[in-house]
1. Residues in the stretch 218-232: is at least one surrounded by fewer than 22 Cβ atoms within 10 Å (Cβ to Cβ), of a type in the set (A, V, I, L, M, F, W, C) and in a helix (DSSP H, G or I)?
2. Regarding the stretch 171-188, can at least one residue be identified that is in contact (Cβ under 8 Å) with a residue 60 or more places away in the chain and surrounded by 13 or more Cβ atoms within 10 Å (Cβ to Cβ)?
3. Name the residues in the stretch 115-170 that are within 16 Å of the ligand (Cβ to nearest atom), part of a loop (DSSP other than H, G, I, E, B) and within 15 Å of the chain's Cα centre (by Cα), would you?
4. I need a count of the residues in the stretch 103-114 that are more than 16 Å from the ligand (Cβ to nearest atom), among the aliphatic types (A, V, I, L, M) and under 10 Å from the mean Cα position of the chain (by Cα).
5. Only one of GLU100, GLU70 is assigned to a helix (DSSP H, G or I), charged (D, E, K, R) and under 16 Å from the mean Cα position of the chain (by Cα); which?
6. Within the bounds of the stretch 208-217, is there any residue that is touching a Gly at 6+ places or on another chain (Cβ under 9 Å) and either crowded, with 20+ Cβ neighbours inside 10 Å or modelled with pLDDT under 95 (or both)?
Amino acid sequence: MEQTLTPKSEKRLTRTRSEVREMIDDNVTSVSKSSDSELILPVPITFSEIEENLQRLLDSNKAWAKSITETKPEFFTTMAQAQHPKIVWFGCSDSRVPAETVVQLGPGEIFVHRNIANQFNHADLNSLSVLQYAVDHLKVEHIIVCGHYGCGGVLAAMSNNQHGLVDNWLRNIKDVYWINKSTIESSEPEKRADKLVELNVKQQVYNIAATSIVQSAWADGRKLEIHGWSYRLDNGILNDLEVDIKGEQDLSDHIYKVYCRNHHIHGSHAHGHNHEHGHRHA
Ligand SMILES: [Zn+2]
């Protein structure tokens, strides 16, 4: 959550249209390749003039599509047929943490949901729907919750200031603080925000594991792992918080276990079964 707008510099405002156009052309023709997937990753355009003329975005898009088509002619026709991502990503809306960019993946490789401070709330139909579609239909194998140090949402939740409607959304983070108060306040004052960022990620990992969506997949014997990461803005590195939950055995608190529909049908734990079940609820 960016809280301040960067003022435009004199120099930027004096650039001519043709100079800006050259910058766009330079950026979009500069492509890199991911060693694993060989996906083409255009270098993102980052300059504040873009807000003055959205036509530049449309021009940039055309140049991007052209550069990919020239390098990999079948790319868009393949993309148009179907998506088969193996990962669903729950991240922060912060513009500095773009999911695909920070792991060098491209279109079709990650199913993404982002909101302020990467929340997974059991009453939020939006994130629940993303999870249900990703698990039941796309058959993803990995769920990643990705927070980031310096998260404006977490910092706002730690303060007693009013920020408006968003304070209701951030209330869950205050609860995470309250539950972990002694752990957080035993840290050095300058490290408390980082600690809460990590604890917030861990809480969302548990929230996802507590859904019948995930637990039904486990009961069907499916591979489905939940991971918690945190991204550092000042060096671009993802930190694995090692809070993975890879199955029901990792869900320590019994109160969050859900007896899935197939348990009732078959009368016992159904690990290894591959039956399709008609209706699952969050
Ligand atoms: Zn954030």
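1. So in the stretch 218-232, the residues surrounded by fewer than 22 Cβ atoms within 10 Å (Cβ to Cβ) come out as 220-223, 225, 227, 232.
Checking the rest, the ones that are also of a type in the set (A, V, I, L, M, F, W, C) come to none.
Checking the stretch 218-232: not a single residue is surrounded by fewer than 22 Cβ atoms within 10 Å (Cβ to Cβ), of a type in the set (A, V, I, L, M, F, W, C) and in a helix (DSSP H, G or I).
2. The first filter runs over the stretch 171-188 and keeps only residues in contact (Cβ under 8 Å) with a residue 60 or more places away in the chain, leaving none.
For the stretch 171-188, residues in contact (Cβ under 8 Å) with a residue 60 or more places away in the chain and surrounded by 13 or more Cβ atoms within 10 Å (Cβ to Cβ): absent.
3. Of the stretch 115-170, the ones within 16 Å of the ligand (Cβ to nearest atom) are 115-121, 127, 144-159, 163, 166-167, 169-170.
Now restrict to residues that are part of a loop (DSSP other than H, G, I, E, B): 116-121, 149-151, 159, 163.
Selection gives ILE116, ALA117, ASN118, GLN119, PHE120, ASN121, TYR149, CYS151.
4. To start, the set of residues in the stretch 103-114 that are more than 16 Å from the ligand (Cβ to nearest atom) comprises 103-111.
Still in the running and among the aliphatic types (A, V, I, L, M): 103, 105, 110.
Filter again for under 10 Å from the mean Cα position of the chain (by Cα), leaving 110.
Of the residues in that region, 1 qualify.
5. Values: GLU70 fails: under 16 Å from the mean Cα position of the chain (by Cα).
Being assigned to a helix (DSSP H, G or I), charged (D, E, K, R) and under 16 Å from the mean Cα position of the chain (by Cα) holds for just one of GLU100, GLU70, which is GLU100.
6. Taking the stretch 208-217 first, the residues touching a Gly at 6+ places or on another chain (Cβ under 9 Å) are none.
No, that holds for no residue.
The values are calculated or read from the model by the stated rules, or taken from the named source; none is laboratory data. Since this is a predicted model, take the numbers as computed values, not measurements. Here Cβ is always computed from backbone atoms with ideal geometry, including for glycine, and neighbour counts include all displayed protein chains.
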